[in-house]
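The values are calculated or read from the model by the stated rules, or taken from the named source; none is laboratory data. Everything quoted here is computed from the prediction, not taken from an experiment. Cβ sites come from the backbone with ideal geometry, for glycine too, and all protein chains shown count toward neighbours. These area figures cover heavy atoms from the full protein model, side chains too; ligands, DNA and RNA do not enter into them. Shrake-Rupley method; radii C 1.70, N 1.55, O 1.52, S 1.80 Å.
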Amino acid sequence: SQKIEQNSEALNIQEGKTATLTCNYTNYSPAYLQWYRQDPGRGPVFLLLIRENEKEKRKERLKVTFDTTLKQSLFHITASQPADSATYLCAPEQTGANNLFFGTGTRLTVIP
Amino acid sequence: NAGVTQTPKFQVLKTGQSMTLQCAQDMNHNSMYWYRQDPGMGLRLIYYSASEGTTDKGEVPNGYNVSRLNKREFSLRLESAAPSQTSVYFCASSEENTGHQPQHFGDGTRLSIL
């Protein structure tokens, strides 16, 4: 069955450093993968989408990579700020369906 | 800029009671979704509506029914609530039902079944 794993439930980093979050998927090959941010008590908010034929996508301080051989996506936040503290969800497209399959998320805390 | 609006925000029910969760979007999106989010489980798709007039089961449909009332509104009904349905419920919408369309979420309904 399709499975998604996001590295460690929680990640703490110092302000100004680069945060790297990992999303691994098994037993399928999504054509698209999305990343979302979720703040406590709020719904997820879309950040970035990457296609299987794209190695890397950038948006301001955010960068996403997609390695279809390793079956892994990395999400980077450079020059991190306390305001970046949130839970980040990866969501590959489900095989055989047009829906997304969400990971459990990584809770990032940026320490001033 | 309302986006996706869910009502109510909080609800407590007794086992066996019924309830309808309401969702409306003002972005003229074709597709709408209902998810539940439980600790350690991530977001799981309950039902979705790829377009007005159609609904389909997701990963965890048992115990739920949905209605796509019109293009704007998509409701989720619990006919006989059970404690296992205690969760946070999110409604989302997207332009089309494809993996390359971002989904826009409401802020959820926190439902407790006693």
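Here are a few things to note about the model shown:
- Taking only protein heavy atoms and a 1.4 Å probe, the accessible area of chain A is 47% carbon and sulfur.
- Estimated vicinal HN-Hα couplings, Hz - the stretch A:101-111 in sequence order (Karplus 6.51, -1.76, 1.60; Gly, Pro = x): 10, 8, x, 7, x, 10, 8, 9, 10, 9, 8
- For chain A, the antiparallel share of DSSP beta bridges with both residues in that region comes to about 90%.
- Shielding of peptide B:43-49 by partners, expressed as the average count of other chain Cβ atoms within 10 Å per residue Cβ, is 3.
- Shielding of peptide B:29-42 by partners, expressed as the average count of other chain Cβ atoms within 10 Å per residue Cβ, is 2.
- Label point of A:Thr18 set 7 angstrom out along Cα-Cβ; within the stretch A:74-89, amide nitrogens under 16 Å from it belong to A:74-81.
- Largest-first principal axis extents of the Cα set of chain B (Å): 37, 25, 24
- Aspartates and glutamates with Cα under 15 Å of A:Lys55, excluding same-chain neighbours fewer than 8 positions away: A:Asp67
- Chains B and A together bury some 1700 Å² of accessible area, summed over both sides, with a 1.4 Å probe.
- Cross-link pairs A:Lys63/B:Lys9; B:Lys9/B:Lys71; A:Lys71/B:Lys71 - those with Cα-Cα distance over 28 Å: A:Lys63/B:Lys9; A:Lys71/B:Lys71
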